[in-house]
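Below is one structure; the comments refer to it alone.
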Amino acid sequence: MTKYNNSTSHRGHNARTPGAAGNGLREHEVAQTIHEKFIKVTKAVDCTDDAGTTANANLVNIVDRMNRVGKSYHVSHHLNAFNGQANGFEVWYFAGNETARKLAQAICDEVCKVTGWVNRGAKATTSLYVIRASVGTAVLIEWGFIDNKRDMDILSEKMVDAVNAALKVMGYSTAGGGSSNGGGSAVEKPTPQPTPSPTPKPTPTPAQPEKLAEDGSLGPLTARRWQVVTKMQIQDGRISHQWRQAQNQNIHAAVFDTTLIGSNLIRDVQRKLAARGLYTGKIDGLCGEQTIRAMQRAKGTTVDGFISAPQSQLVMAIQRDLNAGRSPF
């Protein structure tokens with residue numbers, strides 16, 4: 001009997017905003033293969049978006065489709081990326097939703113049991129847009145690290161086993177099993193789809209990035225623009241792997257966990273501030289009090305080591321730079 005009725009499923013990103021890449025693979029293509037296997041069994045509504053031309057538009061379109069279905073168990077398919085060394089399988093859920101936590105942890109346990117992936121466990125969040133903005137219960141599955149060869153070798157060999165394990169947790173029966181991709185050595189890819197041509201605009205003026213609201217709130221829109229302006233490899237609107245403290249708890253784009261891995265965006269800031277003699281701490285990618293104080297000194301705002309709410313003068317200064325197309329530091 002179905003325990004968790006999977007009413008919607010989608011793969012993250014699209015050909016215009018393809019997400020992470022590594023080992024000759026692209027996130028949206030691999031996630032599409034997994035998503036197709038899911039909906040073949042669950043008959044879930046496909047909420048995948050191919051129209052969004054930016055990461056934010058893609059997310060908004062996906063969540064809009066999810067919410068049309070209503071309260072449900074939603075599944076979002078992604079792949080992680082970091083430094084080529086980080087590895088393992090994890091599932092994100094909304095902090096405080098105990099049903100979602102149990103589902104996320106059960107999926108982690110069963111999938112890692114059949115694949116041998118490192119079990120990174122259920123991860124709580126209040127910032128991932130697909131999870132916080134959707135009605136019902138959503139889980140976001142990170143099917144390994146696309147830039148880690150061992151993770152992708154496992155996915156190549158055991159994709160069907162992994163998907164079936166997740167479906168089993170949700171109460172779906174699947175026919176067959178075994179090796180996922182016919183013994184091939186590469187992760188199964190769907191036939192590459194050409195990037196859609198941009199819809200003609202009524203004006204010949206080249207499209208400009210939409211101006212950020214200078215509202216002093218460091219959310220996903222600001223974080224992604226920051227990543228774009230500073231030419232970060234990953235431009236997902238997330239400030240990943242942060243340690244929650246009173247000083248940084250109002251960074252709404254932060255993904256808080258206990259790994260102490262840190263964010264490449266914050267590492268970039270720390271290096272630049274250190275080169276100017278404004279920061280003397282570790283280059284660890286963690287946006288704590290010392291890093292915040294250094295940023296405040298650099299921007300000439302009140303130096304208290306806190307990202308304040310509802311409006312931070314530091315963040316407003318960062319947003320002004322981003323709207324001008326400048327790196328803030």
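The values are calculated or read from the model by the stated rules, or taken from the named source; none is laboratory data. Nothing here was measured: the structure is a model prediction, and the numbers come from that model. Cβ placement follows ideal geometry from the backbone for every residue including glycine, while neighbour counts extend to all protein chains displayed. Accessible surface areas use protein heavy atoms only, side chains included; no ligands, DNA or RNA. Shrake-Rupley method; radii C 1.70, N 1.55, O 1.52, S 1.80 Å.
Yes or no: R293 charged (D, E, K, R), surrounded by 15 or more Cβ atoms within 10 Å (Cβ to Cβ), in contact with a Gly (Cβ under 9 Å, 6 or more places away or on another chain) and modelled with pLDDT of 95 or more? Yes, satisfied. Count of the stretch 69-96 residues, restricted to those that are polar (S, T, N, Q), in contact with a strand residue (DSSP E or B) (Cβ under 8 Å, 6 or more places away or on another chain) and either under 23 Å from V45 (Cα atoms) or open to solvent by 60 Å² or more (accessible area, probe 1.4 Å) (or both), is 2. For the stretch 124-146, filtering for residues that are modelled with pLDDT under 95 and charged (D, E, K, R) leaves 1. Restricting to the stretch 12-31, give me the number of residues that are surrounded by fewer than 23 Cβ atoms within 10 Å (Cβ to Cβ) and small (G, A, S). Of the residues in the stretch 12-31, 4 are surrounded by fewer than 23 Cβ atoms within 10 Å (Cβ to Cβ) and small (G, A, S). Of L278, L212, L221, all but one fail to be of a type in the set (A, V, I, L, M, F, W, C), open to solvent by 30 Å² or more (accessible area, probe 1.4 Å) and either within 28 Å of P18 (Cβ to Cβ) or at pLDDT below 90 (or both); the exception is L221. The set of residues from the stretch 129-173 being outside any helix (DSSP H, G or I), more than 15 Å from S72 (Cα to Cα) and either among the acidic types (D, E) or open to solvent by less than 10 Å² (accessible area, probe 1.4 Å) (or both) comprises I141, E142, W143, G144, F145, I146, D147. Can you tell me which of L314, L260, L265, L322 is over 24 Å from the mean Cα position of the chain (by Cα) and touching a residue at least 12 places away in the same chain (Cβ under 8 Å)? Of the residues listed, the single one that is over 24 Å from the mean Cα position of the chain (by Cα) and touching a residue at least 12 places away in the same chain (Cβ under 8 Å) is L314.
For the stretch 31-53, the tally of residues that are out of contact with any helix residue (DSSP H, G or I) (no Cβ under 8 Å at 6 or more places or on another chain) and of a type outside the set (K, R) stands at 7.
When the residues of the stretch 39-59 are filtered to those that are within 13 Å of S9 (Cα to Cα) and not in a loop (DSSP other than H, G, I, E, B), which remaining residue is most open to solvent (accessible area, probe 1.4 Å)? Explain how you work it out, then say what you get.
Looking only at the stretch 39-59, we keep the residues that are within 13 Å of S9 (Cα to Cα), and these are 39-49.
So of that shortlist, the ones also not in a loop (DSSP other than H, G, I, E, B) come out as 39-42, 45-46.
Values: I39: 40, K40: 150, V41: 48, T42: 14, V45: 70, D46: 74 Å².
Among them, the one singled out is K40.
Yes or no, residue by residue, for (1) in contact (Cβ under 8 Å) with a residue 40 or more places away in the chain; (2) hydroxyl-bearing (S, T, Y); (3) part of a loop (DSSP other than H, G, I, E, B); (4) closer than 15 Å to P328 by Cβ:
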| residue | (1), (2), (3), (4) |
| --- | --- |
| D236 | yes, no, yes, no |
| A246 | yes, no, yes, no |
| V255 | yes, no, no, no |
| Q290 | no, no, no, no |
| T301 | no, yes, yes, yes |
| S308 | yes, yes, yes, no |
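I'm trying to understand the selection: among the residues of the stretch 224-253, which are more than 13 Å from R320 (Cα to Cα) and of a type in the set (A, V, I, L, M)? Lay out the reasoning, then the answer.
At the first step, the residues of the stretch 224-253 found to be more than 13 Å from R320 (Cα to Cα) are 224, 227-228, 230-253.
The answer is V228, M232, I234, I239, A246, I251, A253.
Tell me which residues, restricted to the stretch 99-114, are open to solvent by 10 Å² or more (accessible area, probe 1.4 Å) and either touching a strand residue (DSSP E or B) at 6+ places or on another chain (Cβ under 9 Å) or modelled with pLDDT under 95 (or both).
If the condition is that a residue be open to solvent by 10 Å² or more (accessible area, probe 1.4 Å) and either touching a strand residue (DSSP E or B) at 6+ places or on another chain (Cβ under 9 Å) or modelled with pLDDT under 95 (or both), then T99, R101, K102, Q105, A106, D109, C112, K113 are the ones that fit.
When G121, G136, G70, G144 are checked against the criterion of being in contact (Cβ under 8 Å) with a residue 60 or more places away in the chain, under 17 Å from the mean Cα position of the chain (by Cα) and at positive phi, G144 stands alone in meeting it. Applying the criterion of being small (G, A, S) and assigned to a loop (DSSP other than H, G, I, E, B) to the residues of the stretch 92-126, the residue that is nearest to I251 (Cα to Cα) is A95.
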